[in-house]
Structure formats: C-alpha cells, structure tokens
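The values are calculated or read from the model by the stated rules, or taken from the named source; none is laboratory data. Since the model is a prediction, treat every value here as computed from it, not as a measurement. Cβ atoms come from the backbone with ideal geometry, glycine included; neighbour counts cover every protein chain shown.
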Amino acid sequence: MQRWRGLEDIPEGWGRSVVTIGSYDGVHRGHQLIIGRTVERARQLGLPSVVVTFDPHPNEVVRPGSHPPLLAPHPRRAELMAELGVDAVLVIPFTAGFSKLSPADFVVKILVEKLHARSVVEGPNFRFGHRAAGDVALLEELGDTYDFDVTVLDLGAGEGRDGQPYSSTLVRRLIAAGDVADAARVLGRPHRVEGVVVRGAQRGRELGYPTANVETLPHTAVPADGVYAGWLVVEGEAMPAAISVGTNPQFDGTERTVEAYAIDRVGLDLYGLHVAVEFLAFLRGQEKFETLDALLERMAHDVDRARALVARADRH
C-alpha cells in the first residue's frame, strides 16, 4: 500500500481512482463499511482505491484546544486500512489555510486535479470545505460537473451499542467510561494505546510484577482509571497482560500512567521500545488497600483473572 503525506506526494501521472475522505479515527466498523465499499467499487472499475484523511484532527485547527481523544495514530490507521485492501492512503496536513477552502475548491484541488476521482464513497454525514459547508448533496452536484459518481452508504446497516450508529464519538465515550469490551465491539477489535516504554518508580518490579510503563502518544484516548485484562504487543508479539491505568493511589501517586505486566514472562527488557497495549476487559477500579499484603493478594487475583480471560479471547 502506498502512503502519501501532502498532495505533492501523489505520484506524477496518477490516473483515475476511487476515493473516500474522512478523519477515520479508529477505523471502527462503520468506517470499515465505507472503506470496504470503496475497495469493492475500485475493483469493479479496475482502479486503485484511495483513503484521504487529515493531520492534525480538523477540530484542533478550527477550534484550538478541542482536539478529541484519538483512537489510533495515523500509522496504525494505515495498517488497518491496508488490511481492508486499500491501495493508497493520503494524509493531508490540515492547516488554517486549508480549512478556508470552499467546498468547490476542496473538491477540485483534491478529487479532480490530484486524484482524478472516478467514484467517491462517503457516509451520509460527510461534510467538507470551509465551515463544513459542503454535504453529500453538493458532492453529488460537483460529481456531475467533474465526472465522478458518488455512493452514499447508509450506516444504519450496522449499529453500535444499544442501537446507536457506529461512530468514533461512541467509542470515545465507552473508553472514557472504562467499557473497553463494548468499545471493542464497535471497533471490531480491542482498543489499543501506543507509546515508548519509559522508566517509572519501578514499584511493580519490587512487588514481583514488573510492568512496562508506556508513555502514550499525545491526545491518546486512554481508558478510565482501573485494572484491565489485555495484551502487551511488542514487535508483533501479543503477550497476555494485566494492565493498570491511573495514578497509583496505593503510593499516593499524582501522575496518570498506563502500565502493563506481561503475565508469566520474565527477563523482558523493554525500555526505549515502542509498544502497544490492547484492552480486553475491565477488572476493577483503582483503590488503596490498608496493607501491602492486601494489595499483593489482590494483584495476584487480578493476574489470575486476566490470564483466564485472555486465554479465552480472540484478538481479531
């Protein structure tokens, strides 16, 4: 799969293509429906499929400080899109100047002049151009003018929790509440956070449960404080893990961290490595125990529960 950053990165002589445009944060089941239809349409026409997305999130440029918690960094989104059969991903740097493009100019500069769109696939709520003035009705009008057809996919065909349509907003809300199991149902896989393993207080090592202290990427959607079952993913290997999110109230901590204990693994040296933590199930909230022995007893119980849950789970 080709990966481009900026319109200037598109190869010279790029021919016609089938395109979908959106933030696609999380590449959840709703996104998968749209991207999957884009790939299907491209194959019908014998053309490449292209997903166009933006960095940073448009909200951060239009309303600074309003950046939503991110469900997946761009490299991870590209991996997920590649698994869906996408031929190219274009990440457009979203700037103040770019945000001022009229809907018509947006279409001409991206879909017409650069990607030579033959067909465009979007969800019913797609908006584009300055102040999000363009909608799918206008996109269809512009398609008639510039010779591309538009497919608007009804996402009612797949619904999230309690009949709610699949959406990144829904996933963020579930994650913020610690409901990683329902978040996974909407995503189609466990929620993942990524970052570099850094040195912490090393209390876990002293207690017999050495953890990877993951310095998460900016704006990451981190689940609510608590203890979780899941996986620690290192260089492609997914290891069963008990995961702690929070400030470590047992030791009066103040800094919120994500720490993962790789169950039944010894001698791991992960400092400086970029790793991922995937969340399967919420086990309990953070709490402060009266004695260290009580904490150790509960940690052993947490690890046993995590081990059993992961052993029965399917990551995919």
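Okay, here's what the table says:
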| item | result |
| --- | --- |
| Residues satisfying the stated conditions in the stretch 91-141, i.e. more than 23 Å from the chain's Cα centre (by Cα), basic (Lys, Arg) and more than 26 Å from GLN2 (Cβ to Cβ) | LYS100, ARG131 |
| Subset of the stretch 7-21 (residues that are modelled with pLDDT of 95 or more and part of a loop (DSSP other than H, G, I, E, B)) | ILE10, PRO11, TRP14, GLY15, ARG16 |
| Test: PHE94 is among the aromatic types (Phe, Trp, Tyr), farther than 30 Å from GLU235 by Cβ, out of contact with any strand residue (DSSP E or B) (no Cβ under 6 Å at 6 or more places or on another chain) and assigned by TED's automatic domain parsing to the domain that holds GLY22 | no |
| Single condition HIS191 does not satisfy, out of (1) surrounded by 19 or more Cβ atoms within 10 Å (Cβ to Cβ); (2) at pLDDT below 95 | (2) |
| Unique residue being within 21 Å of GLN44 (Cβ to Cβ) and either in contact (Cβ under 8 Å) with a residue 40 or more places away in the chain or not in a loop (DSSP other than H, G, I, E, B) (or both) when the list is LEU138, LEU170, LEU142, LEU115 | LEU115 |
| Set GLY129, GLY46: member being free of Cβ contacts under 8 Å to residues at least 12 places away in the same chain and on the phi > 0 side of the Ramachandran plot | GLY46 |
| Test: residue in the stretch 34-55 that is among the hydroxyl-bearing types (Ser, Thr, Tyr), surrounded by fewer than 22 Cβ atoms within 10 Å (Cβ to Cβ) and modelled with pLDDT of 95 or more | yes |
| Residue within the stretch 73-83 that is under 30 Å from ASP144 (Cβ atoms), over 15 Å from the mean Cα position of the chain (by Cα), crowded, with 17+ Cβ neighbours inside 10 Å and modelled with pLDDT of 95 or more present | no |
| Evaluation of THR145 against (1) surrounded by 20 or more Cβ atoms within 10 Å (Cβ to Cβ); (2) more than 15 Å from the chain's Cα centre (by Cα); (3) within 24 Å of GLY15 (Cβ to Cβ) (one fails), failing number | (1) |
| Matching residues, the stretch 279-316, being of a type outside the set (A, V, I, L, M, F, W, C), touching a residue at least 24 places away in the same chain (Cβ under 8 Å) and more than 14 Å from TYR261 (Cβ to Cβ) | ARG284, GLY285, GLN286, GLU287, LYS288, ARG315, HIS316 |
